[in-house]
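Working notes, beginning with the structure itself.
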Amino acid sequence: MNRPKSLPMPSSADLAAMPRAADQFLWNDEQKLVAHRNMHHLFPTRTIRAEAPVRSLPRDSGSDALGTACDLAAYMEAAEVTGVLAIKDGRIVLERYARGNDDSTVWASRSMAKSVTSLLIGMAVREGRIRSADDPVVLYVPELKGTFYDGVLLRHCLQMASGVPYTEDIQDPSSDVFALQACTVGGRKGAFLEFLRNLAGRKDRKSRAPGTVFNYSSADSVLNGLVLERAIGEIAPVYLERRLWRGAGMEGDAFWNLEAEGGSAFTASGFGATLRDYGRLALFVLGGGRLADGTPLLADGWMRESLTPSQASLDAGSPYGFQWWLHEHQGKGSDKIGPSDANGGMRLRGGDTVFYALGNAGQVILVNPAANTVVVKWAVWGPADAEVRRQRDQKFFTALLDALK
């Protein structure tokens, strides 16, 4: 393949079944299936262009046997998996699609976009556009002065520890995340900034000291994107295209949803790419933020700092760095990703080095430096039985990594 692929158009069947964007938190699994491969048609979007030449990913011949060893077919059906990719030592060892997806499908990242945004901030630090993660966020977004964001550092937002009161429960319409999601369908430039000012300016809530409490907050992730945008003078997808996508040998165009045409990017979610390009992105991370030719794009030590969990996240039982989830830290397993070996679960080979980008409905990028392996998984989970689904994932990841040893 020499020329990158353009974003696909919806099939006639998908067009007929396309759900309403405004109903996103009400989508059932079938509606998620259609929507997650067509988010670039449902929401305002900025295309992220790829350029030739495409980075080749050699393919191992033993994928059928590997799939059998991992009981792949049963796992994909039970876990509602729509795509899975594993790359070891730079070679594709497993690649499968299901439920109408194929190698041209661009699939929604959901909250895995938070991890992509963290990478972009690391690039901006390297360029000197952002001085460090210890810069106050109001230095870049002064409209938030006089709100709970006073005294909050970029580091705190990256670690989900800003202390700004925020709730994220997609099953509760009174939760703050519903007001945040509404910013993506209102067609108003500046909607994200207005949301943050209202959220952090409320007098009926109390904030916590920055850095002291881990609270998963897509609001903090949106602010990460606004800090980036102000620092570099362009929105996240433009920067991603210019700094990484064009030069990393991606095989297809990607996308990032916006609040409105010409508005800010939804840096808490809204990114989408093909399965193999998610794999190439994971390889970039596995390589410490270097392109295939060795060119560094991230600030020195950025990935090391990104994978150092905050004390607040450790206290909460969910080791978390700069928008990355850790499998475990110093013998402490994460409560977020299912039963880990550190918590008496299955022994994940190289688990003490493993970290994840995770997204709603079962999206996963797993990076395992000890095994020189990355895994990407797409799915259409509903909100029920989340713990059972995480256990299925961990069982599969354990079997896969054992089979690859």
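With neighbours defined as other Cβ atoms within 10 Å of a residue's Cβ, the residues 271, 178 order from fewest to most as 178, 271.
Post the alpha-carbon centroid distance, region 173-218 to region 229-295, in whole angstrom. Their Cα centres are 24 Å away from one another. Each Cα pair under 8 Å and six or more residues apart adds its sequence gap; the mean of these over the residue count of region 244-398 is a relative contact order of 15 percent.
Each principal axis of the Cα atoms in the chain has its own extent, and those three values, largest first, are 60, 50, 43 angstrom.
Each peptide in 200-208, 90-98 receives the mean, over its residues, of other Cβ atoms within 10 Å, and ordering these scores from highest gives 90-98, 200-208. DSSP assigns beta bridges within the chain; of those with both partners inside it, close to 95 percent run antiparallel.
Here r is the Cβ-Cβ distance between residue 179 and residue 391 and R0 is 45 Å; the resulting FRET efficiency, rounded to 0.05, is 0.85. The length gained by stretching the chain between residue 212 and residue 150 to full extension, at 0.36 nm per residue less their Cα-Cα distance, is 20.8 nm. Between rounded, prolate and oblate, where does region 1-76 land on the alpha carbon gyration tensor, with a ≥ b ≥ c its root eigenvalues, rounded for a/c under 1.5, else prolate if a/b exceeds b/c? Oblate is the answer for region 1-76, as a/c is 1.5 or above yet b/c matches or exceeds a/b.
With θ taken as phi - 60° and the Karplus curve 6.51 cos²θ - 1.76 cosθ + 1.60 applied, the whole-hertz 3J(HN,Hα) list for region 27-33 is 4, 7, 5, 5, 5, 4, 4 Hz, x standing for glycine and proline. Near residue 108: Cβ cut-off under 12 Å, other residues only, Lys/Arg at +1 and Asp/Glu at -1. The net charge is +3.
Sorted ascending by nearby beta carbons within 10 Å, beginning with the fewest, 114, 405 become 405, 114.
Once C-alpha pairs closer than 8 Å and six or more residues apart are averaged by separation and normalised to the residue number of the chain, the relative contact order reads 23 percent. Among the listed pairs 114/332; 5/189; 336/395; 114/206; 88/336, a Cα-Cα separation exceeding 18 Å is found for 114/332; 5/189; 114/206; 88/336. Between 278, 295, 240, the Cα set farthest toward the positive side of the dipole of region 152-295 (charges on each charged residue's Cβ, about the Cα centre) is that of 295.
Values quoted throughout were computed directly from the atomic coordinates according to the rules given, and no laboratory measurement underlies them. A quick note: this is a predicted structure, and the numbers were derived from the prediction, not measured. Methodologically, a virtual Cβ is constructed for each residue, glycine included, from the backbone with ideal geometry; neighbour enumeration extends over all protein chains shown.
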